[in-house]
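Novice: Below you will find the structure I want to go over with you.
The values are calculated or read from the model by the stated rules, or taken from the named source; none is laboratory data. What you are looking at is a predicted structure, and each value in this text was computed from that prediction instead of being measured. Note that we place each Cβ from the backbone using ideal geometry, even for glycine, and neighbour counts take in every protein chain shown.
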Amino acid sequence: MKTRAAVAFEAGKALEVIEVDLEGPRAGEVLVEIMATGICHTDAFTLSGDDPEGAFPAILGHEGAGIVREVGPGVTSLKPGDHVIPLYTPECRTCNFCLNPKTNLCQAIRETQGQGVMPDGSSRFSLDGKPLRHYMGCSTFSNFTVLPEIALAKVRQDAPFDKICYIGCGVTTGIGAVVYRAKVEPGANVVVFGLGGIGLNVIQGARMVGANKIVGVDLNPAKRELAMKFGMTDFINPGEVDDVVEAILDITGGGADYSFECIGNVNVMRQALECCHKGWGESYIIGVAGAGQEISTRPFQLVTGRSWHGVAFGGARGRTDVPTIVDWYMDGKINIDDLITHTLPLDDINQGFDLMHKGESIRSVVVY
Ligand code: NAD
Ligand code: AHE
Ligand code: ZN
């Protein structure tokens, strides 16, 4: 079939919205009509050329929601008409990662996914007979896409696609980091570095679990108002204090119980570790840093009881946890609407990237 898609032909170039060829689903695969997709910072990161796994030409996008239109042989858990959210972290429920309760990083298809192909090593997308690569196993910047069955969460049918698409990455990444990965307790002091599409979801996750202080750190003072609405109790602009770490120790009375880095800046990652409470503070890296970048600290920081962690997709097991997060949204327990600042047609997708780079959007959503 033919489908309209925004194609990334080269790193650093704008996407081109064109018609491409899409082959139907093979065994274990599902054809999905994408109804809406968010534009995540990670799409911009890969398009910039900084992603060691970035390969072109490719169809980016990994934060979508849509409807199953066809299933390949052997697919048992989904049928045409089902509403789904694509999962860049799948959940096969049988690999040794899925069987280990300590991780959500299913590895069943990780290698081929990173190469931009389906699990059998081939691409379903092509242009003029030449393959186009998939991206993060999702390629939601195409109106129709093909995914493995294990990379789709089935969700309720009354949830609006243009809002729940954000659960495909940003919402789950932020709230999940608090709830599933760090397991923040009521009364804990939490510090969040970077109040963008991820950090604001960490903040609302911290409020949801009953955190005490929720300190937000951002260079952009315009982020303050929205962050307060989502539960931030204290704001630090690094440009207005002598020492960010000292300012956090003062506000929290000794340091963060939990800190989250939601920027992708290795210098800030160090601050996020060092603002943690001596003896028990835990720091979680969420931000994605460019190829070749490294983190550092004095080992004494760890010897004296702080610990450094990382988390992908909020520690969520997609097929199990994503439907629950959709319920949280539909029940009014979490706010997604106020984070979706812009809605665009596919033809204007590059404007969504421009808004992100200028710091003018939290989330832009493309509606097909
Ligand atoms: P964003 O651009 O919306 O937000 C980043 C925020 O950080 C902005 O508000 C910006 O003003 C602020 N900032 C930038 N430099 C700063 C500094 N030095 N000190 C303080 N604040 C600073 O980005 P986002 O969509 O929220 O994504 C954040 C990061 O999370 C990105 O690196 C993205 O790739 C990554 N990410 C990771 C996962 C995961 O599973 N680990 C999932 C999604 C996104
Ligand atoms: N491909 C990059 C790393 C990019 C990365 O860290 N991706 C996160 C998700 S960001 C979503 O917006 C992730 O899930 N990582 C775990 C994984 O298995 O990819 C690189 O450095 O090679
Ligand atoms: Zn993302």
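Novice: Give V117, V179 a once-over and let me know the one that is surrounded by fewer than 23 Cβ atoms within 10 Å (Cβ to Cβ) and either in contact with a His (Cβ under 9 Å, 6 or more places away or on another chain) or part of a loop (DSSP other than H, G, I, E, B) (or both).
Specialist: Matching residue, one of V117, V179: V117.
Novice: So, one more: Just checking, does region 271-285 include any residue being in contact with a Lys or Arg (Cβ under 7 Å, 6 or more places away or on another chain), under 18 Å from I175 (Cβ atoms), of a type in the set (F, W, Y) and not in a loop (DSSP other than H, G, I, E, B)?
Specialist: Checked against the condition, which is being in contact with a Lys or Arg (Cβ under 7 Å, 6 or more places away or on another chain), under 18 Å from I175 (Cβ atoms), of a type in the set (F, W, Y) and not in a loop (DSSP other than H, G, I, E, B), region 271-285 yields at least one hit.
Novice: Would you confirm whether any residue within region 87-96 is surrounded by fewer than 23 Cβ atoms within 10 Å (Cβ to Cβ) and touching a Lys or Arg at 6+ places or on another chain (Cβ under 6 Å)?
Specialist: Scanning region 87-96, I find no residue that is surrounded by fewer than 23 Cβ atoms within 10 Å (Cβ to Cβ) and touching a Lys or Arg at 6+ places or on another chain (Cβ under 6 Å), so the answer is no.
Novice: Hey, another quick one. Working only within region 322-363, note down all residues that are within 13 Å of ligand 1 (Cβ to nearest atom), part of a helix (DSSP H, G or I) and touching a residue at least 24 places away in the same chain (Cβ under 8 Å).
Specialist: L339, G352, F353, M356, H357
Novice: Residues being farther than 30 Å from A65 by Cα, within 16 Å of ligand 2 (Cβ to nearest atom) and among the acidic types (D, E): count how many of those fall in region 282-321.
Specialist: Of the residues in that region, 1 qualify.
Novice: Inside region 20-55, can you point out the residues that are more than 16 Å from ligand 3 (Cβ to nearest atom) and touching a Leu at 6+ places or on another chain (Cβ under 9 Å)?
Specialist: Answer for region 20-55, where residues must be more than 16 Å from ligand 3 (Cβ to nearest atom) and touching a Leu at 6+ places or on another chain (Cβ under 9 Å): V20, D21, L22, G24, P25, E29, V30, L31, V32.
Novice: Mind listing whichever residues of region 123-141 are touching a Lys or Arg at 6+ places or on another chain (Cβ under 8 Å) and in a strand (DSSP E or B)?
Specialist: Hit for region 123-141 is F125, nothing else.
Novice: Now a separate question. Condition test on D21, is it more than 23 Å from V155 (Cα to Cα), at pLDDT below 95 and not hydroxyl-bearing (S, T, Y)?
Specialist: Criteria not met by D21.
Novice: Separate question: Could you tell me whether R270 is of a type in the set (K, R), assigned by TED's automatic domain parsing to the domain that holds I214 and modelled with pLDDT of 95 or more?
Specialist: yes
Novice: Determine whether region 88-106 contains at least one residue that is away from ligand 1 (no atom under 16 Å from the Cβ), outside the structural domain of I198 (by TED's automatic domain parsing) and in contact with a Ser or Thr (Cβ under 6 Å, 6 or more places away or on another chain).
Specialist: no
Novice: Sort out which residues of region 214-239 are among the polar types (S, T, N, Q) and away from ligand 1 (no atom under 13 Å from the Cβ), and write them in order of number.
Specialist: Selection gives T233 alone.
Novice: Additional query: For residues that are assigned to a loop (DSSP other than H, G, I, E, B) and touching a Phe, Trp or Tyr at 6+ places or on another chain (Cβ under 8 Å), tally how many sit in region 142-158.
Specialist: 1
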